[in-house]
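Student: Once you've had a glance at the structure underneath, I'll fire off some questions.
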Amino acid sequence: MANLEHANWFLRVLFLGLSCIVVASVLLAQRGREMFIRRIPGLSAIEEAVGRATEMGRPIFFSPGLDSINIVTLQALAILSYIVRLAAQQATRIIVGLRSPTVFPVAEEAVREAYQAAGRPENFHSEDIRFVSDEQFAYALGAVGIMSREEVATNFLFGAFYAEALILTENGRALGALQVAGCPEPTQIPFFIATCDYVVIGDEYYAASAYLTREPTLTGSLVGQDICKALLIALVVLGVGLATATGGADSFLVTWLKGG
Amino acid sequence: MAIDYPKALSDRIQQIPRHFIYLLLFGVVVWQLLAPIRMPIVPSHPSQGVYDAIAAVPDDKIIIITTDWDASTQAETGPQTQAMIHACFQNHKKFAIMNLQPPMGVKLANDLAQEAAEEYGAVYGEDWCNWGYKYGYENVLMSMAKNIPNAIGKDFYGTPVEQLPMMEGVESVKEVGLVCIVTGLSAMTEMWIGLIQGPYNIPVASAYTAVMAPIYYPYLDSGQLQGMLVGAKGAAELESVVARPGKAVAIMNVQSWAHVLIILLIILGNVGFIFARRARQP
Amino acid sequence: MNPDLFILWAAAIATLGVYTILYRENPISRLFEHIFVGLSAGYLLATTWTLNLEGKWWNPMIQDKKWYWIFAPIVGLLFYFIYSRRLGWLARLVMGLFFGAAAGTFFRQFFPIFSPQIYACFKPLGPQPGMSVEGFVFEVILHHWIFVVILLTVLSYFFFSVSHEGRFGRGLGRSALLGRWFLMIAFGAMFGNTVMARISLFIGRIRFLLFDWLGSLIPWFAQRGL
Amino acid sequence: MDFAGLLQRLFPTVETAATLYVYLAVSIVVSAIFIFMLHTLLGPRGRRWLIAAVTFVAGLFFGLEYFYPVAGDPAKNFLTDWIEPVSVMLSVVGAFTVGLGIYSLFQVHGRNVAQRRVGWHNSLAFFVATFAMLVFTLWEYYLHLPQPLPEVLPWPKVVYEVLFNGMFAPLQAATFSLLAFYIASAAYRAFRVRTGEAALMMAAAFIVMIGQVPVGSWLTSSIPTDSSLAFFRLERLGEWIMSWLNTPAQRGIIFGIAVGALAMSLRIWLSLERGTFFSEQS
């Protein structure tokens, strides 16, 4: 029986293996092991982008994407939290435009906490965390309206974006904002590259919080992710080897991966 | 204070203001919709395949056009259906319209067929008919394989299908020469191929929205599909083969012009860029 | 009363109103932006009731007398404690529930989404029986070899914890650079692949404005649309 | 034990409406007391522990159902029947956050109107649109109009039609269609041969773009479709780029994000996340 509705023993072992690698490297890092992370240009630009808004004395706009609470959005909020801390220290205002009502309270709480962590709880203004609209294109128009009326100096777009992405960034660009965007799914990346100053591609998005905060837990997790990726490469190489040997017929590995 | 220094031409064509680009695009689209200048349309291999499959149906067999689409994909599937109907009438092939999903599909296709029938002087029941919307997916197909009049029962207008002149001698799918699937829904093709094309070796040609077409290329390669129309482009290509330029040709013509405009703009920007770079590096 | 004429005019005005934003953000586009946001807010409120709460919550609770459904709003209302400094942790409690569900949902989706992507990469790199030289070049080299090379180089770009120095690092660095080039080709292709879909949306709107709306005033336009 | 049965035993169905209301009222009071007791009895550490425990259990519930061995046909384990009702419950709980979103909107726009800030009339338009849409959508819903619709529509239905099909839908479509302009100007600006990378991106975009429109097929139509050079026909080359250069690159990205998202999920699930949000107390 081949289906992926439930895991078979192979998928169980694979999942457990990947999870253990990540958790083990997190725990190792928490014990104080030094981890190396290479430079990621798009992420290095975040500080510059916040600094620009501070210099110009104008606010920052942040969008955590269009999805409701899921892993992509939670990562966007992690990046938001870092940016708010940075901006709070420089007393720069940050406006968050939201599409999902369920994300709204989480974002509000995360931003409030970040202001507190930065030691500037008095700078937190509840009305800067705005629910814009749950309708995709009403959200796009509303967000463009905020960018233009608040004369934002910097746009950060991190999260899950769809067709509306180009409406946001093309208008942001016309308004002269510095734009940094990141999206794990590849579909909107071409448009971000065409319209934004810095773009965070694919997995760089999940590396962002480790790269920015240099928190041992997160850098450890990043090292674990690299090991997992190496494992996946090994799996692909093995699969290609088997396919070459069998002349393209399904090998046992394919059967296992199909859940059989 | 910004002072406008006179710029070199190479700089200016690199920095065409965005408003100007917007206006150009707007102008081209409006102009091509109101007074079109036709750009050439050359049918691609899969589109020509659909026509050839229709033309190759023996005269004693009928064609089934199954129209599993509704208003949501009408922009692409409507012209596809229409072009297929023209291809049938022009080659004097008898065809029957039917569908398994959105009940709306047979109504919309019926209007298209009626319009075309008037043009060719074709008669309902003799040259074409409409079997209507049939509920039951696989079950309908499996019983059609054995006995079409029983499986279909009454047509779109409520007449038992065995009373239609063109249905004389049509017992089962063995008397069907081709199935044309026009659909905006996935799984329809798999059903027809699995239950009709595979077991009884009945040729199938199909038409899809541009979005869903890519997953069906393998069926084309393997010969399970004789031909395939991809979105409005495929519809336009078949329209041009049957020499009945309609909505799809009009739309694809505008598309061609808009694409040419964008490509010219890109070339212009790059020419300016290269000349400006050369000027700066003596 | 027939709404068609009102719909025609309202739609035309709304479309033109939105298009003014192409010049720049202006009072007209701002008005339509607010109307749009307002309409979607009203629609969200109404459909939250008609499509979600009425059928899934209110009817089971009141008509079917499943009184345990009263706990759903009680849990949901915990979100509202974000506005309270002292009780804020209760909001985090229900957020924790959603975070856990988000993580668990991802665990569920992991293999259904990614497993097919993995085994679809298992391309044979050798000639298949009965294959001509030309077939080998076109079927295997131009497709499968390129596929595998691109996949591996692109993946190598996403290694963050290995320095691009030293013998292994330099090799990885070169592979990553190549991967970046392939990424750019892919992004270019995706860009190009989207253009037609976007333009067809615009053609649809212009057809409406010219043939339906202007056509209802000036028959010449309506005739062009046939 | 199946889900419905357990619920029935824990929360037995009541008979009359009166008892139902009593149960509801008692549940609210008991819940309030329970929440209050949680609040007073738990210190900061206890709260943190409880939040982590709730997160862990929620994640475990959804994850374990997938990985726990299954038996029977359809394949099930002891959690399978619970997934759907628990998901519905979560979506109902989540639906109550709509109020927070609407509150945020009303807060911003209410202040604009109350203080007569610049552009306050826009905020007024917002309120009018919101209430109109809310009232007439519900009104139309509770009219329970018969299908097909009567000749003469009641006026609330007419207003709803104008609001929805005359305003809401066209605003969506018009905003969506702005992308045609933006994509044209973005292409013009971005595709310059500044660097090798940009040139590659441009070349790929160029071929795929032109290969999709009829004029592209026409440009290389002199290459016969059955020759070995047919590969270089623009529409074929475009398809080849899409499926053999674009697909593996996308897969590479997807593998990366699969692992990245897995790590993020694990950190969230085990409350291991540090240095970002909701972690400062630890």
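Student: Considering only DSSP states other than H, G, I, E and B, which chymotrypsin sites (Phe, Trp or Tyr not before Pro) in region A:36-121 qualify as loop sites with at most 15 other Cβ atoms within 10 Å? Each step should come with its number before you reach the end.
Tutor: Numbers: sites: A:PHE36, A:PHE61, A:PHE62, A:TYR82, A:TYR115; in loops: A:PHE36.
Counting only loop positions with at most 15 other Cβ atoms within 10 Å, the chymotrypsin sites (Phe, Trp or Tyr not before Pro) in region A:36-121 are A:PHE36.
Student: Could you tell me how far the Cα centroid of region B:174-197 sits from the Cα centroid of region B:244-282, in Å?
Tutor: Computed from Cα coordinates, the inter-centre distance equals 40 Å.
Student: How much of the accessible area of region B:45-245, in percent, comes from carbon and sulfur atoms when a 1.4 Å probe is used?
Tutor: After summing per-atom areas, the C and S share lands at 52 percent.
Student: Taking a probe of 1.4 angstrom, what is the accessible area of D:TRP240 in Å², to the nearest 10?
Tutor: Number for this one is 40 Å².
Student: Could you pull the accessible area for C:THR194 with a 1.4 Å probe, rounded to 10 Å²?
Tutor: Around 30 Å² of this residue is reachable by solvent.
Student: At 1.4 Å probe size, put B:GLU118, B:GLU190 in order of accessible surface, largest to smallest. It would help to have the intermediate numbers written out before the result.
Tutor: Numbers: B:GLU118 155, B:GLU190 75 Å².
Reading off the accessible areas and sorting them downward yields B:GLU118, B:GLU190.
Student: Something else now. If I compute solvent accessible area with a 1.4 Å probe over the protein chains, what percent of it on chain A is carbon and sulfur?
Tutor: Percent of accessible area from carbon and sulfur atoms in chain A: 55.
Student: More than 20 angstrom separation, counting every C-alpha pair in region B:45-245; what % is that?
Tutor: Cα-Cα pairs in region B:45-245 separated by more than 20 Å: 49 percent.
Student: What residue among D:THR225, D:THR97, D:THR16 shows peak mean-square fluctuation when chain D is described by a Gaussian network model with Cα springs under 10 Å?
Tutor: Its mean-square fluctuation being the largest, the pick is D:THR16.
Student: In region D:83-181, which trypsin sites (Lys or Arg not before Pro) fall in coil by DSSP and have 14 or fewer other Cβ atoms within 10 Å?
Tutor: D:ARG116, D:ARG117
Student: May I ask you to list the residues of region D:206-221 whose amide nitrogen lies under 19 Å from a point 7 Å from Cα along the Cα→beta-carbon direction of D:PHE232?
Tutor: Counting only backbone N, you get D:206-212, D:216-221.
Student: Let a ≥ b ≥ c be the square roots of the eigenvalues of the Cα gyration tensor of region D:111-253; is it rounded (a/c under 1.5), or, if not, prolate (a/b larger than b/c) or oblate?
Tutor: prolate
Student: In whole Å, how far is the Cα centre of region D:103-171 from that of region C:107-141?
Tutor: Taking the Cα centre of each part, region D:103-171 and region C:107-141 sit 53 Å apart.
Student: I've got another one for you. Looking at the square roots a ≥ b ≥ c of the eigenvalues of the Cα gyration tensor of the protein assembly as shown, which shape do they give, rounded for a/c under 1.5, prolate if a/b is larger than b/c, or oblate? Intermediate values should be presented prior to the final figure.
Tutor: Numbers: a/c = 1.32, a/b = 1.24, b/c = 1.07.
Note, shape of the protein assembly as shown comes out rounded.
Student: With a length cut of 18 Å (Cα positions projected on each helix's long axis) and a Kyte-Doolittle mean of at least 1.6, go through chain D and give me the DSSP H helices that pass.
Tutor: TM-like helix candidates: D:17-41, D:196-211.
Student: If you don't mind, another one. Between D and C, buried accessible area summed over both sides at probe 1.4 Å, in Å² to the nearest 100?
Tutor: That pair of chains buries around 11700 Å² in total.
Student: Give me the accessible area of C:HIS164, 1.4 Å probe, in Å² rounded to the nearest 10.
Tutor: Here the accessible area works out near 70 Å².
Student: Compute the Cα gyration tensor for chain A, then decide on rounded, prolate or oblate, letting a ≥ b ≥ c be the square roots of its eigenvalues: rounded whenever a/c is under 1.5, prolate when a/b is larger than b/c in the other cases, and oblate in all that remain.
Tutor: Here chain A falls in the prolate category.
Student: At a threshold of 8 angstrom on Cα-Cα distance, excluding pairs fewer than six apart, so keeping six or more, what relative contact order does chain D reach in percent?
Tutor: Relative contact order for chain D comes out at 13 percent.
Student: If I fit a long axis through the Cα atoms of helix B:45-55 and take the longest principal axis of the Cα atoms of chain B, what angle between them do I get, 0 to 90°, rounded to 10?
Tutor: With rounding to tens, the tilt is 30 degrees.
Student: Same structure, new question: How many percent of all Cα-Cα pairs in region B:191-278 sit more than 15 Å apart?
Tutor: Considering region B:191-278, 71 percent of its Cα-Cα pairs are separated by more than 15 Å.
Student: Tell me which GluC sites (Glu not before Pro) from region A:30-73 have a DSSP coil assignment and no more than 11 other beta carbons within 10 Å of their own.
Tutor: Hits after loop and neighbour filter: A:GLU34.
Student: Right, next: For the protein assembly as shown, what does the helix formula give at 222 nm: sum of -39500 (n - 2.57) over DSSP H segments with n ≥ 4, over the residue count, nearest 500 deg cm²/dmol?
Tutor: The helix contribution divided over the protein assembly as shown gives -19500 deg cm²/dmol.
Student: Using a 1.4 angstrom probe with every protein chain in place, what is the largest-first accessible-area order of C:ILE7, D:ILE183?
Tutor: In descending accessible area the options line up as C:ILE7, D:ILE183.
Student: Relative to the longest principal Cα axis of chain B, at what angle does helix B:231-241 sit, 0 to 90 degrees, rounded to 10?
Tutor: 70 degrees
Student: With a 1.4 Å probe on protein heavy atoms only, work out how much accessible surface A and D bury together, total over both chains, in Å² to the nearest 100.
Tutor: 5400 Å²
Student: Right, something else. Principal axis lengths of chain D from Cα atoms, whole Å, largest first?
Tutor: That works out to 82, 59, 49 Å along the principal axes.
Student: Roughly speaking, what is the centre-to-centre gap between region D:236-282 and region A:125-176 when only Cα atoms are used, to the nearest Å?
Tutor: So the two Cα centres are separated by 24 Å.
Student: What range in chain A is the longest one free of trypsin sites (Lys or Arg not before Pro) that are in a loop by DSSP and have at most 15 other Cβ atoms within 10 angstrom?
Tutor: A:40-213
Student: A follow-up question, please. Tell me the label-point distance for the pair B:LEU264, D:ARG116, using the 7 Å Cα-to-Cβ offset, in nm and rounded to one decimal.
Tutor: Those two pseudo-labels are separated by 5.3 nm.
Student: Here's another thing I want to ask about it. Step through the table entries A:LYS258/B:LYS134; C:LYS56/D:LYS157; C:LYS56/D:LYS76, compare each Cα-Cα distance with 27 Å, and write down the pairs that go over it.
Tutor: Check vs 27 Å cut-off fails for A:LYS258/B:LYS134.
Student: Enter the angle in degrees (range 0 to 90, nearest 10) between the Cα long axis of helix B:74-90 and the first principal axis of the Cα atoms of chain B, meaning the one along which they spread out most.
Tutor: Between the helix axis and the principal axis of chain B, the angle is about 60 degrees.
Student: With a 1.4 Å probe and all protein chains in place, put D:GLU84, D:GLU197, D:GLU239, B:GLU168 in order of accessible area, largest first.
Tutor: If we order D:GLU84, D:GLU197, D:GLU239, B:GLU168 from most to least accessible, we get B:GLU168, D:GLU84, D:GLU239, D:GLU197.
The values are calculated or read from the model by the stated rules, or taken from the named source; none is laboratory data. It should be emphasised that the depicted structure is a prediction, and the values quoted were computed from it without experimental measurement. Every residue, glycine among them, receives a Cβ derived from its backbone with ideal geometry; neighbour counts consider all protein chains shown. With ligands, DNA and RNA removed, areas are computed over all heavy atoms of the protein, side chains included. Shrake-Rupley method; radii C 1.70, N 1.55, O 1.52, S 1.80 Å.
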